[in-house]
1. Can you tell me which residue within the range 431-451, out of those that are open to solvent by less than 40 Å² (accessible area, probe 1.4 Å) and among the β-branched types (Val, Ile, Thr), is nearest to ALA345 (Cα to Cα)?
2. Search the range 1-43 for residues being out of contact with any Lys or Arg (no Cβ under 8 Å at 6 or more places or on another chain) and modelled with pLDDT of 90 or more, and hand back the single one that is surrounded by the fewest Cβ atoms within 10 Å (Cβ to Cβ).
3. Looking only at residues that are among the small types (Gly, Ala, Ser) and open to solvent by less than 10 Å² (accessible area, probe 1.4 Å) in the range 395-430, which one is nearest to ARG494 (Cα to Cα)?
4. Which of the numbered conditions does GLU103 fail, given that it passes all the others? Conditions: (1) charged (D, E, K, R); (2) under 28 Å from VAL168 (Cα atoms); (3) out of contact with any Asp or Glu (no Cβ under 7 Å at 6 or more places or on another chain).
5. Please enumerate the residues belonging to the range 110-125 that are open to solvent by 20 Å² or more (accessible area, probe 1.4 Å) and in a strand (DSSP E or B).
6. Answer yes or no as to whether ALA274 is over 30 Å from VAL227 (Cα atoms) and open to solvent by 10 Å² or more (accessible area, probe 1.4 Å).
7. For the range 282-292, check the following and say yes or no: at least one residue is open to solvent by 10 Å² or more (accessible area, probe 1.4 Å), out of contact with any His (no Cβ under 6 Å at 6 or more places or on another chain), touching a residue at least 24 places away in the same chain (Cβ under 8 Å) and more than 30 Å from GLU392 (Cα to Cα).
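The values are calculated or read from the model by the stated rules, or taken from the named source; none is laboratory data. Remember, predicted model here, so these are calculated numbers, not experimental data. Glycine also receives a Cβ, built like all others from the backbone with ideal geometry; neighbour counts cover every protein chain displayed. Calculation scope for accessible area: heavy atoms of the full protein, side chains included, ligands and nucleic acids excluded. Shrake-Rupley method; radii C 1.70, N 1.55, O 1.52, S 1.80 Å.
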Amino acid sequence: MQRFFSLIVVLSAALGAQTIASAQTSTRSVSFRETPTKTGAVDGALVAPPLRERWSFVPPATSSGSPYCSQPIVADGLVFLAYDTGVAGEGFALAALSATSGERIWGPVLVRGNYPIGFIAYDRGALIVQNTNGDIQSHDGATGTLRWSTHLGSEYSISSTPTVYEGVVYVAGTYRVWAVDVATGAILWSSQQGSGSTSPIVTADSVYLTSSCSLAIRLRRADGSEVWRSEIDCTGGGGEVGVLYRDRLYTRAFPEFEVGMNWTLNAKTGKRIAQNPGGADPAFADGRSFFRRDDGVLEAFDVKTNTSLWTFAGFGRGVATSPHVVDGFVYAAAADGELWVLHPATGAVVWSTELGAAPFTHMGCCGGSFVDMAAWDGILVVVTAQRVVALEPVSAEASFDTLVVDDSGANRLEMNSATGAFRITECGGTTVVTGVGVVTRPAASTIKLAALTDVAKVTATIDTSRRTAKAKVKLFAPAGKIKIVDSNTADDVRECR
């Protein structure tokens with residue numbers, strides 16, 4: 001059953017149908033939690049509620065009766081998966097599915113290993129694959145063909161997802177971290193670091209590792225040499241993948257071992273700033289953080305002030321997944337399989353649907369990271385305990401009830417007058433900004449939109465009686481401005497003029 005919690009008010013004339021185009025690009029690079037800094041947020045996925053199921057894929061059942069599947073990666077029109085073959089001791093399989101139809105494009109390709117656990121990342125046409133034995137491989141994303149294979153070492157287990165950045169893949173094992181050339185598989189450097197298996201956080205100049213006892217290490221990306229190390233004398237085990245957002249490094253600990261060890265650090269110096277809620281992998285976007293606490297409550301914070309903005313307890317059932325931010329909306333699911341889409345500013349549920357099975361929320365090995373969903377190319381892919389489900393927007397008209405087109409036809413603003421979801425595109429389909437803002441109605445015939453995202457500030461005013469509209473966009477990086485003036489919204493159509 002699907003529920004849309006906001007009334008859609010059609011303010012313009014009947015709009016022509018539009019199929020949301022694929023955003024595939026040969027420059028796409030994807031790591032665990034979508035970005036090299038593990039923010040769990042993606043912009044430009046072209047996904048906005050209401051959604052509908054497009055296709056599903058059922059991996060082989062394991063001895064437990066449920067399939068195991070890695071976090072999906074959506075890139076270049078394909079959905080990449082690593083999953084248990086269902087045969088004990090065989091390793092795991094790779095496959096690429098069409099993002100449009102779910103049809104298998106290639107695979108299964110068997111990757112041998114001691115455990116049926118595969119960790120994947122993607123970098124500009126190369127699918128990077130890692131097993132727990134210390135082997136890392138590159139496969140051609142379009143065909144699945146093996147390009148190279150490199151053995152990193154004989155550590156007991158490397159149970160963390162690799163991170164790709166600018167043509168280099170970074171891998172952290174129990175005692176060492178490696179930098180490997182994506183094109184050739186050559187080891188560029190390795191560094192002796194007892195950080196435990198964690199998915200590295202990577203920026204232009206640094207590699208960050210986080211682990212138990214609030215351990216955090218900053219390395220120079222060029223050679224792996226240590227910049228600083230921060231840790232607390234404690235006993236316990238395990239640690240979770242951290243997050244880097246706006247010069248702050250968020251570390252997390254296993255709740256059963258290390259209470260009070262979820263520290264937020266100054267990313268430049270390693271100095272401890274404050275504690276954070278910890279819990280499942282948090283998401284960060286547009287100046288807000290979203291933490292799924294260990295009690296199952298999802299809580300949003302203002303990153304700058306660290307003040308709580310809202311909480312969501314899943315109508316008493318709790319939230320079972322890590323939060324994901326997709327084009328501004330916050331996605332989370334219950335253990336019984338209900339998927340919620342929340343407004344980032346208020347926590348209000350704007351849409352929900354039943355997935356038909358519980359979300360798959362654990363990698364099945366060390367690290368405890370949640371691996372439940374990913375989005376790009378106009379679809380949201382969710383891994384459940386029974387199948388992999390792809391959801392797509394019902395239509396542009398359902399997602400965005402208001403259309404503002406510049407009189408020149410060059411730029412357009414699509415907006416949902418109830419939820420504040422918006423998308424600004426150039427004529428020809430290039431998406432400039434997506435997000436969710438706050439809608440106000442200062443007069444009966446006036447609608448205002450205000451949004452401040454990580455990439456732009458957007459304001460718009462629509463006069464429904466005169467059928468005129470104005471919008472301004474201030475882009476941050478690269479800096480720029482867009483002005484949209486629409487003198488007659490009644491003649492706006494979805495297709496470019």
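1. VAL436
2. ASP43
3. Filtering the range 395-430 for residues that are among the small types (Gly, Ala, Ser) and open to solvent by less than 10 Å² (accessible area, probe 1.4 Å), the one nearest to ARG494 (Cα to Cα) comes out as ALA396.
4. (2) is the only condition that GLU103 fails.
5. LEU110
6. So ALA274 fails the test.
7. Within the range 282-292, not a single residue is open to solvent by 10 Å² or more (accessible area, probe 1.4 Å), out of contact with any His (no Cβ under 6 Å at 6 or more places or on another chain), touching a residue at least 24 places away in the same chain (Cβ under 8 Å) and more than 30 Å from GLU392 (Cα to Cα).
Quick grid of which residues meet (1) on the phi > 0 side of the Ramachandran plot; (2) buried (at least 17 other Cβ atoms within 10 Å of the Cβ); (3) at pLDDT below 90:
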| residue | (1), (2), (3) |
| --- | --- |
| THR62 | no, yes, yes |
| ASP84 | no, yes, yes |
| SER98 | no, no, no |
| PRO108 | no, yes, no |
| LEU127 | no, yes, no |
